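Accompanying notes for the structure given below.
The values are calculated or read from the model by the stated rules, or taken from the named source; none is laboratory data. All figures in this text were calculated on a predicted structure; none of them were measured in a lab. Every residue, glycine among them, receives a Cβ derived from its backbone with ideal geometry; neighbour counts consider all protein chains shown.
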Amino acid sequence: MKVLPQVDSPLLVRTDFSDDSAWQALLAVVDAPSAAGARANTHIVDDAAYTDLTAAQVVEQAPAGRLGELLIVADKTAVTAPDMPLLVIHRPGTPDHEGLRVVAAQLGSVANAVTGATREWDEIADAADDEGVFRGF
């Protein structure tokens with residue numbers, strides 16, 4: 001298994017390879033600015049070596065202490081659901097890490113808020129709907 005790259009921006013790791021057109025659609029939404037003009041600025045990891053890995057298995061592929069504030073996983077749910085809810089893990093690789101689904105259209109807002117320290121993770125998690133998905137404030 002490949003080790004995840006060490007980069008300054010949040011990693012967006014593809015783990016579902018069932019539908020390339022759905023993946024391209026997800027990337028287009030992630031790359032577009034949010035309603036507030038925020039862009040996600042992620043580093044895309046599009047490698048079949050990560051096929052069907054769980055979020056925990058993806059975290060295990062990172063060099064110790066080198067994942068930063070966020071790790072984003074594009075799993076089957078993210079690729080197949082209409083609103084593309086990505087799995088965003090705050091503080092991956094730490095004992096107190098937390099995961100939350102974030103619709104692709106809001107990824108830029110969440111990534112910039114957390115990495116820029118303009119919002120606390122708890123604020124974002126508290127704004128998630130009853131299904132545990134953050135759809136915006």
Hey, residue 36 more than 15 Å from the chain's Cα centre (by Cα) and not hydroxyl-bearing (Ser, Thr, Tyr) or not: yes
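Report whether or not residue 28 is part of a helix (DSSP H, G or I) and in contact (Cβ under 8 Å) with a residue 60 or more places away in the chain. Before the answer, list the steps.
Working: part of a helix (DSSP H, G or I): yes; in contact (Cβ under 8 Å) with a residue 60 or more places away in the chain: no.
So residue 28 does not fit the description; no.
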Some residue of region 81-100 being in contact with a Gly (Cβ under 9 Å, 6 or more places away or on another chain) and over 23 Å from residue 122 (Cα atoms): no
One residue from 101, 39 being under 17 Å from residue 132 (Cβ atoms) and not in a helix (DSSP H, G or I): 101
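Out of curiosity, is residue 107 of a type outside the set (Gly, Ala, Ser), in contact (Cβ under 8 Å) with a residue 24 or more places away in the chain and either touching a Pro at 6+ places or on another chain (Cβ under 6 Å) or outside any helix (DSSP H, G or I) (or both)?
Numbers: of a type outside the set (Gly, Ala, Ser): yes; in contact (Cβ under 8 Å) with a residue 24 or more places away in the chain: yes; either touching a Pro at 6+ places or on another chain (Cβ under 6 Å) or outside any helix (DSSP H, G or I) (or both): no.
The answer is no for residue 107.
Whether any residue in region 4-18 is of a type outside the set (Phe, Trp, Tyr), surrounded by 15 or more Cβ atoms within 10 Å (Cβ to Cβ) and under 24 Å from residue 137 (Cβ atoms) is what I want to check. Explain how you work it out, then say what you get.
The first filter runs over region 4-18 and keeps only residues of a type outside the set (Phe, Trp, Tyr), leaving 4-16, 18.
Checking the rest, the ones that are also surrounded by 15 or more Cβ atoms within 10 Å (Cβ to Cβ) come to 4, 10-16.
Adding the requirement that they be under 24 Å from residue 137 (Cβ atoms) leaves 10, 12.
Yes, because at least one residue in region 4-18 is of a type outside the set (Phe, Trp, Tyr), surrounded by 15 or more Cβ atoms within 10 Å (Cβ to Cβ) and under 24 Å from residue 137 (Cβ atoms).
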Residue match in region 34-57 (condition: farther than 18 Å from residue 103 by Cα, at pLDDT below 95, among the aliphatic types (A, V, I, L, M) and touching a strand residue (DSSP E or B) at 6+ places or on another chain (Cβ under 6 Å)): no
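Got a sec? Which of 71, 67 is at pLDDT below 95, assigned to a loop (DSSP other than H, G, I, E, B) and surrounded by 15 or more Cβ atoms within 10 Å (Cβ to Cβ)? Reasoning before the result, please.
Numbers: 71 fails: assigned to a loop (DSSP other than H, G, I, E, B).
Selected residue: 67, the only one of 71, 67 that is at pLDDT below 95, assigned to a loop (DSSP other than H, G, I, E, B) and surrounded by 15 or more Cβ atoms within 10 Å (Cβ to Cβ).
For region 108-132, name all the residues that are small (Gly, Ala, Ser) and either surrounded by 10 or more Cβ atoms within 10 Å (Cβ to Cβ) or more than 21 Å from residue 10 (Cα to Cα) (or both).
Here is the first cut: in region 108-132, the ones small (Gly, Ala, Ser) are 108-109, 111, 113, 116-117, 125, 127-128, 132.
Scanning region 108-132 gives 108, 109, 111, 113, 116, 125, 127, 128, 132.
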